[in-house]
1. Output yes when any residue across region 449-465 is surrounded by 14 or more Cβ atoms within 10 Å (Cβ to Cβ), at pLDDT 70 or above and under 30 Å from K87 (Cβ atoms), and no when none is.
2. Kindly list the number of the only condition in (1) at pLDDT 75 or above; (2) part of a loop (DSSP other than H, G, I, E, B); (3) of a type in the set (S, T, N, Q) that fails for Q482.
3. Report those strands (runs of 3 or more DSSP E) wholly inside region 50-153 carrying at least 3 residues which are over 25 Å from C421 (Cβ atoms) and in contact with a helix residue (DSSP H, G or I) (Cβ under 9 Å, 6 or more places away or on another chain).
4. Residues in region 128-140 that are buried (at least 17 other Cβ atoms within 10 Å of the Cβ) and farther than 16 Å from D427 by Cβ: how many?
5. Here's a check for you: in region 74-91, which residue that is under 24 Å from T18 (Cα atoms) and surrounded by 14 or more Cβ atoms within 10 Å (Cβ to Cβ) is modelled with the lowest pLDDT?
6. When you go through (1) under 22 Å from Q376 (Cβ atoms); (2) in contact (Cβ under 8 Å) with a residue 12 or more places away in the chain one by one for Q264, which number turns out not to apply?
7. Please state which one of G22, G29, G94 is free of Cβ contacts under 8 Å to residues at least 24 places away in the same chain, at positive phi and surrounded by fewer than 19 Cβ atoms within 10 Å (Cβ to Cβ).
8. Check off (1) modelled with pLDDT of 90 or more; (2) within 27 Å of Q90 (Cα to Cα) for S193 and give me the number that stays unchecked.
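The values are calculated or read from the model by the stated rules, or taken from the named source; none is laboratory data. None of the values given here were measured: they were computed from a predicted structure. Cβ placement follows ideal geometry from the backbone for every residue including glycine, while neighbour counts extend to all protein chains displayed.
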Amino acid sequence: MSAHTVQWVSPSPLWSNTLHAGLDTVTLGQQMRQPAVLRFTQDKFMDALAQTLAQDPAELDANLATPVTYRLSAPGEDQPPQPTQLKLFQAAHGHFYLVAASLTCRLPGLPDHDVNTSAKEKVSFVLRRVDTDGSEWGWGDDPANPGGQTWLQIDSSAVQSVAPGEDLLPLFPVRYQSGDQLRRIYVGLVPTSSSDNFKAAAAKPGDAKSLLAPTSDSDPSAAPTDPRPAALTTKVTDPLRALAAAPTKAPTEVTDVTQQQAIQKAQEDQLVQASRFLLVDFAEFLVTNMSNLWTALNQQTRPGDASAALYDALNDEPADSNASTSWRQALIDAWTTAPVLYGDKTGTLPAPLNLANSPLTGDELDTLVKAALPPQAAGTGTADLVTSIQGDSTTPPQVPKLDPRGTWIYQIRCVYQRPLCGALEPDQLSDPTTQFEIASFFDLDAPSRQIFISLPVNTGISDLRKLRKNVTFLISDQLRSQMNRVTNLNDALKGQFADGGSFDLGLMCSFSIPIITICALLVLLIFVELLNIVFWWLPFLRICVPIGLKSDSS
C-alpha cells in the first residue's frame, strides 16, 4: 500500500502551458486532472512523439487533438464551417491518436509514481460511450450471450471503477528528460476502428445472402451455387468468343498494300498468342475441376461417364481449321510448355494455333463442359461464404463496439489497478478526457490519405499473368452481362453496344477561366473587326514629310 495518494493528471509536458494560461482555479484544476488526447498525422507517430519529447517536451501541446475539418468549401464559401465537436479520424485517413496522462503522487512537485509490476499492479485505459443523458456505457462481456460482448450501462455511482468484464486497453510508459529530472508519461493508442463493425454489417437477415447467392435465397435448403461454370465462362469460353469475333483484316481506310499486310500479320500474331494463354487456362480448369477427364485425355482413353461427349469433341475437333492438331493435343502441349510460355524456362513452343478458326465454338464448349462437370464437393459453394460472413442464424448478432455511422460520443478514463491490495486500494480511474466522436470511413470532415500504387514494370502478357491473383470481385450475372455489352470503347462512347442497345451520354466540361475574361475577349474581337472595317485602307496611304537635318561641320 502507498502511504500517500496516487492520482492521474494530465501529461507532465503540458503542465507549463496549462499553468501559464491564466485560467481560474476551478478550470485549472479540471485541466490538470484531465488526460490528453494527442493527434499525429504520420504513420511513424511513436517516433514523432519520442522526437518531440527529446527536443522540447513543451511542444507536445501542438499535438493536442482539437476540432478540425478537411472538407472542401462549398461554392460561394471562403472556408467550410468549423466543427465544435472533437472528432477522431481513422488510421485509413492517416491520423493516429494517443491518450496520454501522468500517474503521480500527491506530493509537492507531483513526482511520478512507480508501478510495481511484480505486485501485479498495472495501468490501462477504458473507452466509454456517453449517452445524451450523461450516463456512461462500458464495452465488456455480455451476460445474456456467453462469449459475446456488448455495451453495458455503468451505474452513476460506479463510473470511477472498472465494471466487471470491461475491456481494458493497454497503456505503456514513455520517458523523457525534463531539466535534470527523468520523468514518465503513459500513452495508449486510441482504437478508431473495430472488427466488430464488420461482423455486424451482415447481421441483418438476408443481406449477404441476397448479394452472394440470389438464385437460392428463397429456399434455405437449396444446393449452394456452383462457381465452376462462371469460372469456365470467364476464363475460357468468353475469351474464345472474343477470339472468334476479333478482326482479321486491316481497316478499310488503310489502302497501302504493304501496310495492310503488316496490320494483318500483327493481328494474327496477337490471336495466336491469346490462343496459347487460353489453352493454358482451359487445361488448368480441367486439371483442377475434372481430373478424371484430364487423365483420360493424356492416356487417350475414352471415359464411360458424362464427360464422354466432351472427350469426343476435344479428341475429334481441330483447334485450328488450318492445322491438324486436335483440341486434346493442343491442351496437352500447352500445359506441358506453359513454363516456356511464361518465360520461366527455355524451350520451344508448340506450333502456332489460332483458336478463332476452330469449329468448336464457345457456346458448344460451355454446354459440353457444364454437362460433364462432376458433382460439386461439399463445402465449396457460396452458401459457406454467406455463413462465414453472416454467421449462424441462431446466434444473436454482435453489437458493434464503435458506431459505423460516427454519431456516438465517447470518452476515455485511465486506470491504475492494485489487485493484491483488495478493497483497501480500489481501482484508481482518472477524470474523463474531452468527449469525442469517431469518424466513419466516409466522413466528409475526414482527410484523404495520399495513396501511391506501384504498377508492374514488365507489362508483357506472360509477366502480368505470373503475378499472384489475390483480389477477387464477386459480381452478379446481371452486372456481368451489362459489362459484356461493352466490346469496343469507341462504339460505347457513341452510345452503341454489342447487344444493339444504346444510351445517351451527357458531358459537362468546366474550365478554370473567369467569365469576365471570356466577355472581355469577345468584346476585343468585336472592336478589332470594326476597326478593320473602318481603317482597312490606312496601310495603302503613305505620307512622307521632309525633315531638315543639321549637317556636321568639320
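1. There is at least one residue in region 449-465 that is surrounded by 14 or more Cβ atoms within 10 Å (Cβ to Cβ), at pLDDT 70 or above and under 30 Å from K87 (Cβ atoms).
2. Here Q482 clears every test but (2).
3. On the way: elements: 86-88, 96-105, 122-130, 136-141.
In region 50-153, 96-105 are the strands (runs of 3 or more DSSP E) which contain 3 or more residues that are over 25 Å from C421 (Cβ atoms) and in contact with a helix residue (DSSP H, G or I) (Cβ under 9 Å, 6 or more places away or on another chain).
4. Here is the first cut: in region 128-140, the residues buried (at least 17 other Cβ atoms within 10 Å of the Cβ) are 128-129, 136-140.
Filter once more, keeping what is farther than 16 Å from D427 by Cβ: 129, 137, 139.
Qualifying residue count, region 128-140: 3.
5. First pass over region 74-91, keeping only residues under 24 Å from T18 (Cα atoms): 83-88.
Filter once more, so that each one left must be surrounded by 14 or more Cβ atoms within 10 Å (Cβ to Cβ): 83, 86-88.
Numbers: P83: 89, L86: 94, K87: 94, L88: 94.
Of everything passing the filter in region 74-91, P83 is modelled with the lowest pLDDT.
6. (1)
7. Values: G29 fails: at positive phi; G94 fails: free of Cβ contacts under 8 Å to residues at least 24 places away in the same chain.
Matching residue, one of G22, G29, G94: G22.
8. (1)
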